[in-house]
1. Across region 82-140, what is the number of residues that are modelled with pLDDT of 95 or more, assigned to a helix (DSSP H, G or I) and basic (Lys, Arg)?
2. Please determine whether any residue of region 323-332 is out of contact with any Asp or Glu (no Cβ under 6 Å at 6 or more places or on another chain) and within 14 Å of the ligand (Cβ to nearest atom).
3. Among the residues of region 249-262, is there at least one that is more than 14 Å from the ligand (Cβ to nearest atom) and buried (at least 23 other Cβ atoms within 10 Å of the Cβ)?
4. Would you check if Asp78 is touching a Gly at 6+ places or on another chain (Cβ under 9 Å), in a loop (DSSP other than H, G, I, E, B) and surrounded by 19 or more Cβ atoms within 10 Å (Cβ to Cβ)?
5. Conditions: (1) out of contact with any helix residue (DSSP H, G or I) (no Cβ under 7 Å at 6 or more places or on another chain); (2) in a helix (DSSP H, G or I); (3) buried (at least 20 other Cβ atoms within 10 Å of the Cβ). Ala243 meets all but one. Number of the miss?
6. Identify, by number, the condition in (1) more than 14 Å from the ligand (Cβ to nearest atom); (2) closer than 19 Å to Arg282 by Cα; (3) part of a helix (DSSP H, G or I) that Pro24 doesn't meet.
7. Yes or no: region 346-359 includes at least one residue that is more than 16 Å from the ligand (Cβ to nearest atom), in contact (Cβ under 8 Å) with a residue 40 or more places away in the chain and out of contact with any Lys or Arg (no Cβ under 6 Å at 6 or more places or on another chain).
Amino acid sequence: MTTTDPTHQAPEPLHRMFFEAPGPPRPAELPGGDPAWLVSRYEDVRQVLSDPRFGRSQLYAPDAPALSGVPDLVNDPDLMFNQDGPGHLRLRRTLRRAFTPRAVARWRPWIAAIVEELLDRLEARPQPADLVAEFALPLPAAVISRLMGLDESAWGRMRYWSEHAFSDGTHEGEQVAAALKEFSAFGAHLLTERRGTPGEDLISSLVAAADEEGGVPEGQLVTLVCGLVVGGHDSTMTMLGNALLYLLGERRETWHRLGADEEAAGRLVDRLVHLVPLGDDRGSTRHAAEDVEVGGVTIPAGAIVLADCGMANRDPEVFPPATLHDLFAPLEAPTLSFGAGPHYCLGAWLAGTELQLALHRLAARFPELRLDAPVDTVEWRTGTTFRSPQRLGVSW
Ligand code: HEM
């Protein structure tokens, strides 16, 4: 379970978030007060995320406690993430081929070209410049747009939809519903367009794979496309903004090596993703279909389980505290920041590649880059379950 220092007015930077030590599964509460089980040790979290007896679809059964106050995209039962078993596999298969490490390796040159183009633009800007507006936002937006065959004119709407799709409950329900309706219409239109005139993009391959597979409900395909548009850029943008705040604000000693050694940059990205959460929300939620023993404790049938990946990523049995914050040390075991099991993040390789190229090349081109204000004065982009700096003023 996570906490932040209650004496602080502004939220703590995410890299400073405090995590209690993991322990055996124990009863806990959902944010709304409903009972749940907290699972926090590395092996226990892996088990919960991988064992088919712990599913997601039952979280949205009519009698289940509401996980969110507003009907956002993350809690849409049609979302691939919220499905289990053969239905989930069928949908995942349609997308999986596009997201293999081999496919991402083929995209690497044009991702690097986008990074360089953004760095050229940044270099020409007056100082101080805003690293969020110039780099952390446009890079993932440009990458997902190129993959999906969208142009820059869609970015404004993409941000608007993301803010509503991942609402933290501060938006009015009607406002979220209206934004999601518009977003679905956009997704449905894209599918129709690419079915008619297929191209080299991800949506065209998705349509072809779904038609070949047969029986994939159109509503699920639309939600998948919408989920990719927002999930494909928001998470990477959030990670990049928080990583830059941490590196430039508190880990400046890593900057030279980061710029000099691309392979070391890859290890640093693995550690950053491992250590810096995307937001304040804790845990990936599952539902126990039957009594299941986890770490010597029986979790009863019907229980809601919070698998706390942040606590598990700091389990001293697996990740020795001595190297936990050594950003160039290889991870001792796979991180749980991308989940595990059947819902393991399909974009993990893509996000890793983007982050590695972005941080390595930024540090190489701007060895003197520095933040213009102390870490504690940063203003946060809030209103969604993800949190990252609103702007990062830098000079070089
Ligand atoms: C640093 C960036 C990212 C992080 C930390 C992240 C994290 C996650 C996590 C924790 C899950 C749920 C896993 C589970 O509960 O077992 C997930 C699922 C998913 N992610 Fe990511 N993600 C990132 C970037 C991306 C990108 C760039 C894409 C797509 C382009 C993407 C697409 C997906 C999809 C489609 C799923 C659902 C998989 C399924 O339900 O089968 N993610 N991600």
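1. 2
2. From region 323-332, those out of contact with any Asp or Glu (no Cβ under 6 Å at 6 or more places or on another chain) are 323-330, 332; that's our starting set.
Still in the list and also within 14 Å of the ligand (Cβ to nearest atom): none.
No: region 323-332 contains no residue that is out of contact with any Asp or Glu (no Cβ under 6 Å at 6 or more places or on another chain) and within 14 Å of the ligand (Cβ to nearest atom).
3. Of all residues in region 249-262, those more than 14 Å from the ligand (Cβ to nearest atom) come to 249-262.
Right, trim to buried (at least 23 other Cβ atoms within 10 Å of the Cβ) and you get 258.
Yes: region 249-262 contains one or more residues that are more than 14 Å from the ligand (Cβ to nearest atom) and buried (at least 23 other Cβ atoms within 10 Å of the Cβ).
4. Details: touching a Gly at 6+ places or on another chain (Cβ under 9 Å): yes; in a loop (DSSP other than H, G, I, E, B): yes; surrounded by 19 or more Cβ atoms within 10 Å (Cβ to Cβ): yes.
Answer is yes for this residue.
5. (1)
6. For Pro24, the exception is condition (3).
7. Start the filter on region 346-359 by keeping residues that are more than 16 Å from the ligand (Cβ to nearest atom), which leaves none.
No, that holds for no residue.
Residue-wise test of (1) among the aliphatic types (A, V, I, L, M); (2) farther than 23 Å from Phe183 by Cα; (3) within 13 Å of the ligand (Cβ to nearest atom).
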{"site": "Val45", "(1), (2), (3)": "yes, yes, yes"}
{"site": "Asp51", "(1), (2), (3)": "no, yes, yes"}
{"site": "Arg56", "(1), (2), (3)": "no, yes, yes"}
{"site": "Tyr60", "(1), (2), (3)": "no, no, no"}
{"site": "Leu67", "(1), (2), (3)": "yes, no, no"}
{"site": "Gly85", "(1), (2), (3)": "no, yes, yes"}
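The values are calculated or read from the model by the stated rules, or taken from the named source; none is laboratory data. Predicted model only: the values in this text are computed from it and were never measured. Please note: Cβ atoms are built from the backbone with ideal geometry, for glycine as well, and neighbour counts cover all protein chains shown.
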